[in-house]
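The structure under discussion appears below in the form of structure tokens.
The values are calculated or read from the model by the stated rules, or taken from the named source; none is laboratory data. These numbers come from a predicted model, not from an experiment. As a convention, Cβ positions derive from the backbone with ideal geometry for all residues, glycine included, and neighbour counts pool all protein chains shown.
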Amino acid sequence: MRIVILPTKQEVSAFAAEAIAAVINKKSNAVLGLATGGTPLSTYEGLINKHQQGTLSFNKVRTFNLDEYVGLLPTHPQSYRQFMNKQLFNHIDINIQNTHIPECLNSDYEGCSSNYETLISEHGGIDIQLLGLGSNGHIGFNEPTSSLSSKTRIKTLTKKTIENNSRFFDATEFQPSLAITMGIGTILKSKKIILIATGENKKDAVADMIEGSVAAFSPASALQLHSDVVVVLDKLAASKLKLYDYYIQTEQSRKKLN
Ligand code: PGA
């Protein structure tokens, strides 16, 4: 696991946008795995800026999002389809037909889940997966105790996740308690993974992910099993790491080597 600790949230976002752009610039038909939530917003702004400056094109890129609420139509303002359209897809030259969200519009949840897995494989797998981190250690909507080899499926959201995400819903609005999500096994099949986490409320989940045991109770700890992961943190999110100074020193050595 490569651990990059940067002074600010803005620098974390800029690093992630750079990493994603580098993959697209190397492979114009790259397959991206994308995330929703508050953390990736500035990364998406960074990608949009690169596109507007003429240095990045998405016209051959394909995307797969991690998850979607069950019970919201894609036209619902709080659906992750609308989130992605508004925060990224509407501002870049991507073919919207090449953007995939694990929507399940009928009640054949098993069928929708296995179709999503098949679609990812048919397109050669994910070249780079962007992840946020839940304060309970989830990645996608893989809540604590999710199987570390799970595939796309329906998950019941924890009370904590529902509370954390209630900020996106009006008080009277229906907030789903079920979601369809790529599994941890699905995420681990990605060729590269970049996880970004910022703010003090992530420090416990970050410490468990990096320095704790690999355990289903800390879903992000499964990333320790992947050979090409970079975790990008601001100082607050990194503040509980026991080997904080070592990670800083390692990055300094890496710069000298390059
Ligand atoms: P956040 O959510 O970026 O809104 O903090 C992260 C997550 O739940 O994966």
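Test Lys155 against the criterion of being at pLDDT 95 or above, among the charged types (D, E, K, R) and over 26 Å from Ser221 (Cα atoms), and give yes or no. No, not satisfied. Just one of the listed residues (Leu148, Leu133, Leu105) is within 16 Å of the ligand (Cβ to nearest atom) and aliphatic (A, V, I, L, M), and it is Leu133.
On the stretch given as region 58-84, residues that are within 16 Å of the ligand (Cβ to nearest atom), of a type outside the set (A, V, I, L, M, F, W, C) and not in a helix (DSSP H, G or I) total 6.
For every residue, the table says whether it meets (1) within 18 Å of Asn136 (Cβ to Cβ); (2) surrounded by 14 or more Cβ atoms within 10 Å (Cβ to Cβ); (3) of a type in the set (Val, Ile, Thr); (4) at pLDDT 95 or above.
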{"residue": "Ile180", "(1), (2), (3), (4)": "no, yes, yes, yes"}
{"residue": "Gly212", "(1), (2), (3), (4)": "yes, yes, no, yes"}
{"residue": "Leu223", "(1), (2), (3), (4)": "yes, yes, no, yes"}
{"residue": "Ser227", "(1), (2), (3), (4)": "no, no, no, yes"}
{"residue": "Asp234", "(1), (2), (3), (4)": "no, yes, no, yes"}
{"residue": "Gln249", "(1), (2), (3), (4)": "no, no, no, yes"}
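Please enumerate the residues belonging to region 163-180 that are of a type in the set (D, E, K, R) and more than 13 Å from the ligand (Cβ to nearest atom). Passing the criteria: Asp170, Glu173.
Exactly one residue out of Gly37, Gly71, Gly54 is free of Cβ contacts under 8 Å to residues at least 12 places away in the same chain and on the phi > 0 side of the Ramachandran plot: that is Gly54.
Pick out the one residue from Ala35, Ala17 that is within 15 Å of the ligand (Cβ to nearest atom) and crowded, with 21+ Cβ neighbours inside 10 Å. Spell out how you get there, then give the answer.
Details: Ala17 fails: within 15 Å of the ligand (Cβ to nearest atom).
Selected residue: Ala35, the only one of Ala35, Ala17 that is within 15 Å of the ligand (Cβ to nearest atom) and crowded, with 21+ Cβ neighbours inside 10 Å.
Every condition in (1) farther than 20 Å from Thr43 by Cα; (2) surrounded by 14 or more Cβ atoms within 10 Å (Cβ to Cβ); (3) at pLDDT 95 or above is met by Glu103 except one, and the failing one is (3).
Taking the conditions (1) within 16 Å of the ligand (Cβ to nearest atom); (2) closer than 30 Å to Lys60 by Cα; (3) more than 17 Å from the chain's Cα centre (by Cα); (4) not acidic (Asp, Glu) in turn, Gly183 satisfies each one other than (3). For first residues located in region 240-258 and touching a residue at least 24 places away in the same chain (Cβ under 8 Å), partners that are outside any helix (DSSP H, G or I) and among the small types (Gly, Ala, Ser) and lie 6+ apart or on another chain with Cβ distances below 8 Å form the pairs Tyr244/Ala238; Tyr247/Ala238. Any residue at all in region 46-57 that's over 26 Å from Leu178 (Cβ atoms), among the β-branched types (Val, Ile, Thr) and not in a loop (DSSP other than H, G, I, E, B)? Yes, there is a match, as at least one residue in region 46-57 is over 26 Å from Leu178 (Cβ atoms), among the β-branched types (Val, Ile, Thr) and not in a loop (DSSP other than H, G, I, E, B).
How about region 151-162: which of its residues are of a type outside the set (S, T, N, Q), closer than 23 Å to Thr99 by Cβ and more than 13 Å from the ligand (Cβ to nearest atom)? Show your work before the answer.
Applying the first criterion (of a type outside the set (S, T, N, Q)) to region 151-162 yields 151, 153-155, 157, 159-160, 162.
Next, from what is left, pick out any that are closer than 23 Å to Thr99 by Cβ: 151, 153-155.
Scanning region 151-162 gives Lys151, Arg153, Ile154.
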